[in-house]
Structures are given as C-alpha cells and as structure tokens.
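Everything on this sheet refers to the single structure shown next.
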Amino acid sequence: MILSPVLPPLLHLARSLRRAQKIAVLVIVDGALAPLALWLALIAQNSSMSGPLMLQGLWLFAPALSLAAAALAMLLGIPRARLKSYDANGVLRSALHGIALAGLCAVLSGAAGLPLPPGLWAVFGLLYVLLAAGARLLMLRGLEALYRSEAPVTRVLIYGAGMTGIQLVSALKRHAAIRPVAFVDDNPGLQGLTVAGLPVYRPARMAEVIARQRISRVVLAMPALPRARQRGIARALQPLGVEVQAVPSFAQMIGTEAPADRMQPVLPGDFLGRAPTLDALEGLAAVYGGRTVLVTGAGGSIGAELCRQILSLRPSRLVLLDHAEYALYAIERELRPLAEEAGVSLVTALGSVGRAGLLRRIFAAQDIDIVLHAAAYKHVPLVEANPLAGLANNVLGTEILARAARAAGVKRFVMISSDKAVRPTNVMGASKRLAEIVIQDLAARSPGTVFSMVRFGNVLGSSGSVIPLFQEQVARGGPVTVTGHDVTRFFMTVEEAVSLVLRAGSLAAGGEVFLLDMGAPVRIGDLARQVITAMGGTPRDAATPDGEIEIVEIGLRPGEKRHEELLIGTDARPAGHPKIFAAHEDFPSEVEVAALLRDLREAIEAEALPRAMQTVARWVEGYDASAELPPELRLSGT
C-alpha cells in the first residue's frame, strides 16, 4: 500500500491531539472554508467582478471573512461537537451558521460598496453549509479508515434487512474493527436493492457472498425468527467456517425475557459435551432428491426439523401432515419461502394419521414415494393419564398409515420410535413398542415397500425437552426441579437426530430397528448444574449449599424409568455409519399381530381401559399393567 509509511505518524498525531487542539482544528477548518465558499459562489454566479475581486478585493476580504466564520462557529458551539456525533442537529447548526455568515457578509459588502449581486450571498451560504458538513464527513471517514488500517477488521454479513438490520448497520459502522458488508433477506421485494448503503442478496447466494466478500461473521438481525430456523441457518453455515450470532429480542433488552447484554452465539448442543455429527446428509440427495416425501407430525419439533432437512435435499414435492392447525400453519409459513427458493412444491394436509380416507386421498393425489412417520403422542405423564388416546394414535394410527402407504406403493417408510419402547414402564413407551411390532409385521410381508424404524432417546430443543424447562426455571430464579440426581437419559440435538434418521432410512433393507449412538447417558442432576452455570448462576444443592439457584429433587413421574435403554436384544451391528446400528428383533407372528390389533381396537372403541392394558401387557416385554395411576387420573376409560 502506497500510504503505508505515513499511516503510523498520522495515527500517532490523531491520538496525541488534546480536546482543545481538536476544537482548534475544527475552528480553523470552519474559518478557511468561508473564502473558498465565496470564491465558488462568484464562479457559480459568473460574476463580472470575480476576476478582479479574486486578485484584489477577495484577498483583502478573506481574513475578515475567515475570522467572522470562526467566531460565529464558536458562538454556535459547532466545533465542540465530536465528529462521530455530528448528526441532524449538527447539520442544523451549520445551516444557521451559513445563514448568519451570509447575512453578515451581505451587510459588510454593502457597507464597503462592493458591486456584488444580491443572490450571491444565498449561494455562498448554501455552499458554505455543504462544505462544512462535507469536511466533517470526510474527516470522520478518514479517521475511521486510519483506525481500521491498524486493527484487524471483521467483515460481517447481516441476515435481515429490516429495521433491526438497518439499526445494526448504523451501529457497526461506528466500530473500527467491524465492517458490515452486505445483507441477506428472505423478502423478494428487498433482494437486489441497496439498503443502508449495503446490497441485499438472496439467501441462496450466501455461500457465494461469504467467499467473495471474505465474510467471517453472520449476524441474524431478525429477533422474531423462530429459534429452530436460527439453528437451521447456523447449521447450514457451519461448513463455511463463519461465526453465527443473533441480535437479542426487544423483550430481552427491556428485561421481560432472560437478559441479553450482547449478541449471543447460536451454538446448538452446548450441553452434550461432544461434537455433533455434521456429515450425515452427505450423498442423501440421491435418495430423497426429486422424490415426493410425506412427513407426518410435520408441525412437531422432530417433524418440523425433518421438513427443513428434507427441503435442503431438494425433493420434487414435500407433503406436510399434522392434526394441529396452528402447528401446521407455523411450519408451512416458515418453509414456504425456502421451498419456493429451492423450486420444491409444498403441500399441507390437515388431519390425523388415523383417518384412512384422508390418507388414501393424499397418497392417490400426491404420488408419495417416501413416508417419514413422526406423528405420535410422546409426553409420558399425559399419555399415562390418557392411555386410550395414546394407544389409538400411536398404535392404530401407525397401522392405518402404514397399510395405506403399502397399498399406494410407497418405496420407503421410516417410523420415528423411542428408547422408551425398550422394556417400557409407561403407556407411551408400550404404545411405541406396539407400533414397532406393527411395522415389523408389515415389513416381513411387503416386498414393494421398505419399512424400518429408528429408535433414539431425548432430543434437545424438542417439545417437552428438559433443557427449556431448566432455562425457564433459572430465569425465574429457581428452584430447578430434577426427577433425581442420578437419573440418566440419552440426549442428542434435534438436528443431529433427524439427519441420522434420514441416513438410517436410506440404509434400510426392510424390517430393521435402527439405533442411534447417542453417546454416554447424561445424569439429569449434572445437566441441571450445566444449565445453571451456562446462564451465569451457581447451583445450590447438598454439595454446594452457598449457590444461588436451588436444585430440588421431586422424584420420578408416573411411568418414568430411572435409566433408559436402546436395545431389546443383543445383536445390534454397524449399519454403514459410525453413529447408526441396526438390529432385527423378535416380534409376534402375522396371526398374533392381527389378534393384538383386533383386541386393542375393540377395547379402545368400548373405552375398556383394563382390557386394553391387559392386551398391551400380553404383547410388550417388560410392561406391567398392574402399575397403574389412581382412577381419578385415568381420563380415558374406566
């Protein structure tokens, strides 16, 4: 760089000037600009006096004009305003300065008998204001450039060109070490425009912009964006090696949510203590790309993430099925712009997996290739208190959906199961095991459709996850309630679990129960301490009695196990990915499964709870039907 040798002395000079010296520099600038403005005004007016005046009168008039300009500037306090604080109020003062100076010059020139046209002083005043404001802007930009030349600069891409993004650009431009470079926005009306001096690009061009502009940080300037969508953006940007941060919401800044004094990094899986799987989707476009995919339970946390990741693999059509109207509306609204960007047809279907007629119409109209079955009642205490509803949805709903898929010639059917299906102690787990048996039975006699199941434990960020509950309790000041300090659970981020589900579905040959390697089980007590510490508190329990946030043990809820398992048998084997294992587990015969489903259906239709529980206990290993809740909590049946 040609100016490199002179930059250090300039920086030293800028830093060494005292406040009074900086004011003096600005006073001199204001004074020196007055003769220049007059000379330019004479030229602009094409005055016949401009030649002689420049050679004679102007040079005699210039010192007095400079002194008058400097004195008026000091009187109005203009030089005392810092350059970076020169805003609309500063421009107004400069305008008053220009008007006063022009009026003074008109009076003096008239008294001196100078033959100048009256309109000259109006032009002079306007030019002086422009020069004064422009000089300050140039000096500010010059100083910023000097400071930036010394410090390493972080180049920032801002996701969101709305009001928050615009305000963020204004703030960052004052920071010597941070340089906003461009916007990315989902709104087609903003794409291609220039907002706050920065170009606005489509999200599909993020990788290109990051590489070309040497971006090292992406800031999400949309506080209202769902956290799941933020995590999706962060996950998509991970391979590009950029840091992702999010601007806190207004509610956080005014204190109605957890305090946020600065932008918080979007880092999924902070509490896992292990690196997430990042390569599970590699090569899966050949399996899911160009196909029509149906996701049941699409509005739930797991179903929604399935939709997001499937969309990234470019299917020809994505069909969203959910019985919850608002959940379906929310995920459709989130995915619609992304689907249009990717050229994927998005179809929504409102209804239950237990409606055979609806399913037949969907399969016939949409020509489904792949079914990802995530619809289920999964909240253990609620299903324990409403067992017939849980059995009807999780077991009979799965049977109706799977039979409809087979009849329609679907190529692949993947059911999301749970670690609670292994030797279950609750109705929810038992219902998932019965659903597995249904799928295993159909897989054994459905050569045209590849049926498989994926079994895993708790996912961070899903509905009902313990992490948000702990965070809410910490934000309230405690106590944090745990079922037991030594209770253990398997945990995985929802993004990692879903990517491995999609990988497992592509590896299926038919009838497998896939198990995800979720690492070592995590003690709930340890997890509570991690959450408290991560939120800036200190835990208080028997081991640390002086902590701020108390941890209270409340005992296991109805139907909960102290330690979960993933495998019924012992024959799990590697399945083509280091975190996926496959097992072929024993299941009843076709005749026995038919009898099971008949007895269960009749019991549910008759609201005969004891009979339904006896059927479950007969076919589910490890389930004890005698361990029931008090009758007053049994809302489904008697």
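Yes/no per residue for (1) buried (at least 18 other Cβ atoms within 10 Å of the Cβ); (2) over 59 Å from the mean Cα position of the chain (by Cα); (3) modelled with pLDDT under 60:
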site: 7; (1), (2), (3): no, no, yes
site: 10; (1), (2), (3): no, no, yes
site: 15; (1), (2), (3): no, no, yes
site: 29; (1), (2), (3): yes, no, no
site: 39; (1), (2), (3): no, no, no
site: 52; (1), (2), (3): no, yes, yes
site: 63; (1), (2), (3): no, yes, no
site: 67; (1), (2), (3): no, no, no
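Please go through the stretch 400-409 and give me each residue that is out of contact with any Phe, Trp or Tyr (no Cβ under 7 Å at 6 or more places or on another chain) and surrounded by fewer than 24 Cβ atoms within 10 Å (Cβ to Cβ), ordered by number.
Passing the criteria: 400, 403, 406, 407, 409.
One residue is enough: does the stretch 164-174 have a residue meeting the conditions surrounded by fewer than 17 Cβ atoms within 10 Å (Cβ to Cβ) and modelled with pLDDT under 75?
yes
Considering only the stretch 479-494, state which residues are in contact with a Leu (Cβ under 9 Å, 6 or more places away or on another chain) and not small (Gly, Ala, Ser).
Result: 480, 481, 482, 483, 487, 489, 490, 491, 492, 493, 494.
Do you know which residues across the stretch 317-338 are outside any strand (DSSP E or B) and in contact with an Asp or Glu (Cβ under 9 Å, 6 or more places away or on another chain)?
328, 331, 337, 338
With the condition kept exactly as written, say whether any residue in the stretch 364-377 is surrounded by fewer than 16 Cβ atoms within 10 Å (Cβ to Cβ) and in contact with a helix residue (DSSP H, G or I) (Cβ under 8 Å, 6 or more places away or on another chain).
No, the stretch 364-377 contains no residue that is surrounded by fewer than 16 Cβ atoms within 10 Å (Cβ to Cβ) and in contact with a helix residue (DSSP H, G or I) (Cβ under 8 Å, 6 or more places away or on another chain).
Can you confirm whether residue 165 is of a type outside the set (S, T, N, Q) and closer than 19 Å to residue 244 by Cα?
The answer is yes for residue 165.
Please verify whether residue 351 is in contact with a His (Cβ under 9 Å, 6 or more places away or on another chain) and either among the β-branched types (Val, Ile, Thr) or at pLDDT 95 or above (or both), treating the condition exactly as stated.
Judged against the criteria, residue 351 is a match.
With the condition kept exactly as written, say whether any residue in the stretch 251-272 is at pLDDT 55 or above and buried (at least 20 other Cβ atoms within 10 Å of the Cβ).
no
Check whether at least one residue in the stretch 325-336 is farther than 25 Å from residue 236 by Cβ and either surrounded by 22 or more Cβ atoms within 10 Å (Cβ to Cβ) or in the same structural domain as residue 503 (by TED's automatic domain parsing) (or both), and report yes or no.
yes
If a residue must be over 13 Å from residue 579 (Cβ atoms), surrounded by 18 or more Cβ atoms within 10 Å (Cβ to Cβ) and at pLDDT 80 or above, how many such residues does the stretch 507-526 contain?
Adding up the residues that qualify gives 4.
Kindly indicate whether any position in the stretch 274-283 is in a helix (DSSP H, G or I) and either surrounded by 15 or more Cβ atoms within 10 Å (Cβ to Cβ) or at pLDDT below 95 (or both).
Checking the stretch 274-283: not a single residue is in a helix (DSSP H, G or I) and either surrounded by 15 or more Cβ atoms within 10 Å (Cβ to Cβ) or at pLDDT below 95 (or both).
Given the conditions (1) in contact with a strand residue (DSSP E or B) (Cβ under 8 Å, 6 or more places away or on another chain); (2) closer than 19 Å to residue 242 by Cα; (3) touching a residue at least 24 places away in the same chain (Cβ under 8 Å), which single one is not true for residue 205?
Only one criterion in (1) in contact with a strand residue (DSSP E or B) (Cβ under 8 Å, 6 or more places away or on another chain); (2) closer than 19 Å to residue 242 by Cα; (3) touching a residue at least 24 places away in the same chain (Cβ under 8 Å) is unmet by residue 205, namely (3).
For the stretch 212-228, how many residues are more than 14 Å from residue 156 (Cβ to Cβ) and touching a residue at least 12 places away in the same chain (Cβ under 8 Å)?
Here the count works out to 7.
Would you mind stating whether residue 342 is within 28 Å of residue 457 (Cβ to Cβ) and either modelled with pLDDT of 95 or more or small (Gly, Ala, Ser) (or both)?
no
Can you give me the ranges of the helices (runs of 4 or more DSSP H) entirely in the stretch 374-482 with at least 1 residues that are hydroxyl-bearing (Ser, Thr, Tyr)?
Of the helices (runs of 4 or more DSSP H) lying wholly inside the stretch 374-482, those with at least 1 residues that are hydroxyl-bearing (Ser, Thr, Tyr) span 397-407, 427-444.
Is it the case that the stretch 130-148 has a residue that's at pLDDT below 75 and in contact with a strand residue (DSSP E or B) (Cβ under 9 Å, 6 or more places away or on another chain)?
Looking for residues that are at pLDDT below 75 and in contact with a strand residue (DSSP E or B) (Cβ under 9 Å, 6 or more places away or on another chain), one finds at least one in the stretch 130-148, hence yes.
Among the residues of the stretch 555-569, are any buried (at least 19 other Cβ atoms within 10 Å of the Cβ) and either at pLDDT 80 or above or in a helix (DSSP H, G or I) (or both)?
No.
Mind listing whichever residues of the stretch 154-163 are surrounded by fewer than 19 Cβ atoms within 10 Å (Cβ to Cβ) and not β-branched (Val, Ile, Thr)?
The answer is 155, 162, 163.
The values are calculated or read from the model by the stated rules, or taken from the named source; none is laboratory data. Everything numeric here is computed off the predicted structure, so don't read it as measured data. Positions of Cβ are backbone-derived with ideal geometry, glycine not excepted, and every protein chain shown enters the neighbour counts.
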